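Worksheet for the structure shown next.
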Amino acid sequence: MTLAAHVESAGRNLGGRMRSVYEGPAGWRKWQEYLAGDDHEDLAEVFTRVRRRGTDGTRMRWSRDWRTRTFCDLGLYLLYRHTLNHTAGVEPMEMRIFARLQASALADLAAVLIEDPSEAEAMTVQRFNDTWGQQSGYCEDLVCYLFRPGPYMRRLSRLHPELLAMTHRLTLGEWVRQSAVKELNSAVADPLIAMHTLVEAVLPATPLVRSLVSRLRRARLRKWAQLYEDGFAAFGVQPRADLDWLDIAERFSTIAGGAFLRAQTRIDQQEPATDGEMLGQLVIEVLPALCAIEAGEIGARRAV
(Lines give C-alpha, C1' and ligand atoms only; values in the text may rest on other atoms or scores of the structure.)
Protein backbone atom coordinates (compact mmCIF):
# COMPACT_ATOMS: atom_id res chain seq x y z
CA MET A 1 0.00 0.00 0.00
CA THR A 2 1.37 3.41 -0.95
CA LEU A 3 1.96 6.22 1.52
CA ALA A 4 -0.95 8.15 0.05
CA ALA A 5 -3.16 5.08 0.37
CA HIS A 6 -2.24 4.84 4.05
CA VAL A 7 -3.21 8.50 4.43
CA GLU A 8 -6.57 7.91 2.78
CA SER A 9 -7.26 4.77 4.83
CA ALA A 10 -6.47 6.65 8.02
CA GLY A 11 -8.42 9.68 6.87
CA ARG A 12 -11.61 7.65 6.51
CA ASN A 13 -11.78 7.40 10.30
CA LEU A 14 -11.75 11.19 10.64
CA GLY A 15 -14.11 11.57 7.71
CA GLY A 16 -16.66 9.20 9.22
CA ARG A 17 -16.98 11.42 12.27
CA MET A 18 -17.40 14.58 10.18
CA ARG A 19 -19.41 13.37 7.18
CA SER A 20 -22.80 14.82 8.08
CA VAL A 21 -21.30 18.14 9.15
CA TYR A 22 -20.39 19.22 5.61
CA GLU A 23 -23.31 17.93 3.57
CA GLY A 24 -25.77 20.30 1.87
CA PRO A 25 -25.92 24.12 1.80
CA ALA A 26 -25.60 24.40 5.60
CA GLY A 27 -22.45 22.29 5.49
CA TRP A 28 -21.17 24.42 2.63
CA ARG A 29 -21.53 27.58 4.70
CA LYS A 30 -19.65 25.92 7.56
CA TRP A 31 -16.94 24.84 5.13
CA GLN A 32 -16.51 28.40 3.90
CA GLU A 33 -16.21 29.60 7.49
CA TYR A 34 -13.21 27.31 7.96
CA LEU A 35 -11.63 28.64 4.78
CA ALA A 36 -12.14 32.31 5.62
CA GLY A 37 -8.96 34.29 6.18
CA ASP A 38 -8.46 37.50 8.11
CA ASP A 39 -9.69 40.99 7.21
CA HIS A 40 -6.30 42.02 5.83
CA GLU A 41 -5.85 39.09 3.47
CA ASP A 42 -5.32 39.93 -0.20
CA LEU A 43 -5.94 36.96 -2.46
CA ALA A 44 -4.05 38.69 -5.26
CA GLU A 45 -0.97 37.61 -3.28
CA VAL A 46 -2.23 34.01 -3.19
CA PHE A 47 -3.61 33.42 -6.68
CA THR A 48 -0.74 33.89 -9.12
CA ARG A 49 -1.88 31.55 -11.92
CA VAL A 50 -5.05 33.35 -12.95
CA ARG A 51 -5.16 35.27 -16.26
CA ARG A 52 -1.52 34.42 -16.93
CA ARG A 53 -1.56 36.22 -20.27
CA GLY A 54 -3.24 39.36 -18.94
CA THR A 55 -1.81 42.45 -17.31
CA ASP A 56 -0.94 42.61 -13.63
CA GLY A 57 -4.03 44.73 -13.05
CA THR A 58 -6.25 42.14 -14.72
CA ARG A 59 -4.68 39.29 -12.73
CA MET A 60 -5.16 41.14 -9.45
CA ARG A 61 -8.77 42.00 -10.27
CA TRP A 62 -9.63 38.42 -11.19
CA SER A 63 -7.76 37.07 -8.14
CA ARG A 64 -9.95 39.18 -5.88
CA ASP A 65 -13.18 38.22 -7.64
CA TRP A 66 -15.50 36.15 -5.42
CA ARG A 67 -15.88 33.50 -8.12
CA THR A 68 -12.15 32.75 -8.12
CA ARG A 69 -12.21 32.14 -4.39
CA THR A 70 -15.40 30.12 -4.64
CA PHE A 71 -13.90 27.80 -7.26
CA CYS A 72 -11.12 27.04 -4.76
CA ASP A 73 -13.59 26.56 -1.90
CA LEU A 74 -15.46 24.09 -4.11
CA GLY A 75 -12.27 22.32 -5.15
CA LEU A 76 -11.13 21.78 -1.58
CA TYR A 77 -14.62 20.64 -0.60
CA LEU A 78 -14.61 18.09 -3.42
CA LEU A 79 -11.09 16.97 -2.55
CA TYR A 80 -12.07 16.55 1.09
CA ARG A 81 -15.17 14.56 0.26
CA HIS A 82 -13.30 12.22 -2.09
CA THR A 83 -10.29 11.58 0.13
CA LEU A 84 -10.89 12.21 3.83
CA ASN A 85 -14.66 11.90 3.98
CA HIS A 86 -15.75 8.77 2.15
CA THR A 87 -15.90 5.03 2.63
CA ALA A 88 -14.79 3.83 -0.79
CA GLY A 89 -11.81 1.61 -1.35
CA VAL A 90 -8.24 2.76 -1.79
CA GLU A 91 -7.32 4.06 -5.24
CA PRO A 92 -3.99 3.32 -6.95
CA MET A 93 -1.48 5.76 -8.45
CA GLU A 94 -1.14 7.94 -5.37
CA MET A 95 -4.94 8.45 -5.59
CA ARG A 96 -4.39 11.15 -8.27
CA ILE A 97 -6.02 13.44 -5.77
CA PHE A 98 -6.55 16.35 -8.17
CA ALA A 99 -7.93 14.30 -11.08
CA ARG A 100 -11.56 14.86 -10.10
CA LEU A 101 -11.23 18.63 -9.87
CA GLN A 102 -12.55 19.30 -13.35
CA ALA A 103 -14.35 22.55 -14.19
CA SER A 104 -17.57 20.67 -14.97
CA ALA A 105 -17.49 18.89 -11.60
CA LEU A 106 -17.01 22.19 -9.78
CA ALA A 107 -19.88 23.79 -11.69
CA ASP A 108 -22.15 20.84 -10.87
CA LEU A 109 -21.17 21.03 -7.21
CA ALA A 110 -21.89 24.77 -7.11
CA ALA A 111 -25.42 24.11 -8.35
CA VAL A 112 -25.98 21.75 -5.40
CA LEU A 113 -24.32 23.72 -2.61
CA ILE A 114 -24.75 27.43 -3.33
CA GLU A 115 -28.20 28.63 -2.29
CA ASP A 116 -28.28 31.87 -4.25
CA PRO A 117 -29.29 30.82 -7.81
CA SER A 118 -27.54 33.79 -9.44
CA GLU A 119 -24.26 32.96 -7.68
CA ALA A 120 -24.56 29.26 -8.51
CA GLU A 121 -25.20 30.04 -12.16
CA ALA A 122 -22.10 32.27 -12.26
CA MET A 123 -19.85 29.29 -11.47
CA THR A 124 -19.59 28.08 -15.05
CA VAL A 125 -17.04 26.03 -16.96
CA GLN A 126 -16.39 29.05 -19.14
CA ARG A 127 -15.63 31.23 -16.11
CA PHE A 128 -13.22 28.58 -14.83
CA ASN A 129 -11.46 28.40 -18.19
CA ASP A 130 -11.30 32.18 -18.47
CA THR A 131 -9.71 32.33 -15.01
CA TRP A 132 -7.04 29.61 -15.25
CA GLY A 133 -7.05 28.33 -18.79
CA GLN A 134 -6.01 24.86 -17.69
CA GLN A 135 -6.43 22.59 -14.70
CA SER A 136 -2.75 22.55 -13.75
CA GLY A 137 -2.76 26.30 -13.02
CA TYR A 138 -5.92 25.91 -10.97
CA CYS A 139 -4.44 23.07 -8.92
CA GLU A 140 -1.34 25.12 -8.13
CA ASP A 141 -3.46 28.05 -6.96
CA LEU A 142 -5.64 25.61 -5.00
CA VAL A 143 -2.63 24.35 -3.05
CA CYS A 144 -1.53 27.95 -2.37
CA TYR A 145 -5.05 28.73 -1.16
CA LEU A 146 -5.10 25.71 1.14
CA PHE A 147 -1.77 26.51 2.79
CA ARG A 148 -2.20 30.26 3.15
CA PRO A 149 -1.64 31.21 6.83
CA GLY A 150 -4.90 33.17 7.31
CA PRO A 151 -7.32 30.37 8.29
CA TYR A 152 -4.77 28.57 10.49
CA MET A 153 -3.71 31.73 12.29
CA ARG A 154 -7.32 32.80 12.77
CA ARG A 155 -8.00 29.55 14.64
CA LEU A 156 -5.02 30.15 16.92
CA SER A 157 -6.03 33.77 17.49
CA ARG A 158 -9.33 32.51 18.87
CA LEU A 159 -7.84 29.65 20.87
CA HIS A 160 -4.83 31.26 22.53
CA PRO A 161 -6.70 33.89 24.59
CA GLU A 162 -8.75 31.02 26.07
CA LEU A 163 -5.57 29.21 27.02
CA LEU A 164 -3.98 32.29 28.58
CA ALA A 165 -7.12 32.99 30.60
CA MET A 166 -6.74 29.59 32.27
CA THR A 167 -3.37 30.49 33.80
CA HIS A 168 -5.16 32.48 36.53
CA ARG A 169 -7.05 29.51 37.96
CA LEU A 170 -4.87 26.44 37.31
CA THR A 171 -1.54 25.12 38.46
CA LEU A 172 1.17 24.90 35.83
CA GLY A 173 0.68 21.16 35.43
CA GLU A 174 -3.09 21.50 35.07
CA TRP A 175 -2.64 24.35 32.58
CA VAL A 176 -0.32 22.30 30.37
CA ARG A 177 -2.69 19.31 30.39
CA GLN A 178 -5.87 21.28 29.72
CA SER A 179 -4.18 23.40 27.05
CA ALA A 180 -3.01 20.25 25.28
CA VAL A 181 -6.53 18.79 25.27
CA LYS A 182 -8.07 22.03 23.97
CA GLU A 183 -5.51 22.41 21.18
CA LEU A 184 -5.83 18.80 20.04
CA ASN A 185 -9.62 18.96 20.06
CA SER A 186 -9.44 22.18 18.05
CA ALA A 187 -6.98 20.77 15.52
CA VAL A 188 -8.86 17.50 14.97
CA ALA A 189 -12.13 19.41 14.44
CA ASP A 190 -10.57 21.56 11.71
CA PRO A 191 -10.82 19.81 8.30
CA LEU A 192 -8.17 22.06 6.78
CA ILE A 193 -5.46 20.63 9.02
CA ALA A 194 -6.39 17.14 7.85
CA MET A 195 -6.14 18.44 4.29
CA HIS A 196 -2.68 19.83 5.04
CA THR A 197 -1.60 16.41 6.27
CA LEU A 198 -2.97 14.70 3.17
CA VAL A 199 -1.30 17.02 0.66
CA GLU A 200 2.01 16.99 2.53
CA ALA A 201 2.00 13.18 2.53
CA VAL A 202 1.01 12.77 -1.11
CA LEU A 203 3.27 15.52 -2.51
CA PRO A 204 6.23 15.68 -0.09
CA ALA A 205 8.88 16.46 -2.72
CA THR A 206 6.96 19.10 -4.68
CA PRO A 207 8.86 22.41 -4.39
CA LEU A 208 5.63 24.43 -4.18
CA VAL A 209 4.29 22.31 -1.32
CA ARG A 210 7.62 22.41 0.51
CA SER A 211 7.76 26.19 0.23
CA LEU A 212 4.18 26.68 1.42
CA VAL A 213 4.54 24.23 4.31
CA SER A 214 7.77 25.91 5.41
CA ARG A 215 6.13 29.35 5.39
CA LEU A 216 3.11 28.14 7.35
CA ARG A 217 5.30 26.29 9.82
CA ARG A 218 7.35 29.42 10.56
CA ALA A 219 4.20 31.50 11.12
CA ARG A 220 2.68 28.80 13.30
CA LEU A 221 5.81 28.40 15.44
CA ARG A 222 6.07 32.16 16.02
CA LYS A 223 2.45 32.20 17.18
CA TRP A 224 2.98 29.30 19.57
CA ALA A 225 6.26 30.75 20.81
CA GLN A 226 4.40 33.92 21.82
CA LEU A 227 1.80 31.86 23.67
CA TYR A 228 4.46 29.93 25.54
CA GLU A 229 6.31 33.11 26.42
CA ASP A 230 3.15 34.69 27.83
CA GLY A 231 1.74 31.54 29.40
CA PHE A 232 4.83 30.19 31.10
CA ALA A 233 5.90 33.68 32.17
CA ALA A 234 2.62 33.87 34.10
CA PHE A 235 3.98 31.02 36.21
CA GLY A 236 7.43 32.57 36.50
CA VAL A 237 9.00 30.03 34.13
CA GLN A 238 11.71 30.97 31.64
CA PRO A 239 13.69 28.96 29.06
CA ARG A 240 17.07 27.56 29.95
CA ALA A 241 20.02 29.74 28.93
CA ASP A 242 20.76 27.96 25.64
CA LEU A 243 17.15 28.07 24.35
CA ASP A 244 14.50 30.61 23.42
CA TRP A 245 10.73 30.26 23.12
CA LEU A 246 10.94 29.54 19.39
CA ASP A 247 13.23 26.58 20.11
CA ILE A 248 10.75 25.31 22.67
CA ALA A 249 7.81 25.81 20.31
CA GLU A 250 9.55 23.69 17.69
CA ARG A 251 10.12 20.85 20.15
CA PHE A 252 6.56 20.93 21.45
CA SER A 253 5.28 21.04 17.86
CA THR A 254 7.14 17.82 17.05
CA ILE A 255 5.47 16.06 19.97
CA ALA A 256 2.06 17.53 19.11
CA GLY A 257 2.33 16.37 15.50
CA GLY A 258 2.48 12.75 16.59
CA ALA A 259 -0.43 13.19 18.99
CA PHE A 260 -2.49 14.79 16.22
CA LEU A 261 -1.95 11.88 13.83
CA ARG A 262 -2.84 9.42 16.56
CA ALA A 263 -6.05 11.31 17.36
CA GLN A 264 -6.91 11.60 13.65
CA THR A 265 -6.75 7.88 13.08
CA ARG A 266 -8.55 6.56 16.15
CA ILE A 267 -10.71 3.65 15.00
CA ASP A 268 -12.94 3.89 18.08
CA GLN A 269 -14.02 7.39 16.93
CA GLN A 270 -13.84 8.71 20.50
CA GLU A 271 -13.05 12.29 21.38
CA PRO A 272 -9.28 12.89 21.18
CA ALA A 273 -9.16 13.87 24.86
CA THR A 274 -7.07 10.81 25.69
CA ASP A 275 -4.45 11.83 23.15
CA GLY A 276 -4.55 15.41 24.44
CA GLU A 277 -3.94 14.21 27.98
CA MET A 278 -1.03 12.11 26.77
CA LEU A 279 0.35 15.11 24.88
CA GLY A 280 0.09 17.23 28.02
CA GLN A 281 1.89 14.60 30.09
CA LEU A 282 4.71 14.37 27.54
CA VAL A 283 5.14 18.15 27.61
CA ILE A 284 5.31 18.06 31.41
CA GLU A 285 7.96 15.36 31.30
CA VAL A 286 10.25 17.28 28.93
CA LEU A 287 9.61 20.70 30.47
CA PRO A 288 12.47 20.56 33.03
CA ALA A 289 14.93 19.86 30.20
CA LEU A 290 13.81 23.00 28.37
CA CYS A 291 12.88 25.48 31.10
CA ALA A 292 14.29 26.57 34.45
CA ILE A 293 11.95 24.53 36.65
CA GLU A 294 12.29 21.26 38.54
CA ALA A 295 9.92 18.38 37.82
CA GLY A 296 8.58 18.40 41.38
CA GLU A 297 7.50 22.06 41.11
CA ILE A 298 5.28 21.71 38.05
CA GLY A 299 2.26 20.20 39.79
CA ALA A 300 2.04 22.90 42.47
CA ARG A 301 3.34 26.03 40.70
CA ARG A 302 0.71 28.77 40.39
CA ALA A 303 0.69 32.05 38.52
CA VAL A 304 2.84 34.74 40.10
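Observations on the structure shown:
- Pair-distance distribution of the stretch 162-304: all C-alpha pairs, bin width 10 Å, starting at 0; shares per bin in whole percent are 11, 39, 33, 15, 2.
- Helices assigned as whole DSSP H runs in the chain whose Cα atoms extend at least 30 Å along their own long axis and whose mean Kyte-Doolittle hydropathy is -1.0 or higher are found at 207-234.
- With R₀ set to 30 Å, the beta-carbon distance separating residue 112 from residue 208 gives a calculated FRET efficiency near 0.50.
- For the chain, calculated [θ]222 nm from helices alone, where every DSSP H run of n ≥ 4 adds -39500 (n - 2.57): -22000 deg cm²/dmol
- In the context of the full set of protein chains, residues of the chain present 48 Å² of accessible surface per residue (probe radius 1.4 Å, heavy atoms only).
- Distance between modelled label sites at residue 126 and residue 255, nm, 7 Å Cα→Cβ extension: 5.9 nm
- Potential extension, residue 23-residue 218 segment - 0.36 nm per residue separation minus Cα distance: 66.9 nm
- Mean projected area of the convex hull spanned by the Cα atoms of the chain, taken over all viewing directions: 17.4 nm².
- Carbon and sulfur %, accessible surface of the chain computed with the full protein complex present, 1.4 Å: 51 percent
The values are calculated or read from the model by the stated rules, or taken from the named source; none is laboratory data. The shown structure was predicted, so the numbers you read here are calculated from the model rather than taken from an experiment. Here the Cβ is made from the backbone with ideal geometry for all residues, glycine too, and neighbour counts use every protein chain on show. Ligands, DNA and RNA are stripped out before the accessible areas are found, and what is left, the full protein with its side chains, is counted by its heavy atoms. Shrake-Rupley method; radii C 1.70, N 1.55, O 1.52, S 1.80 Å.
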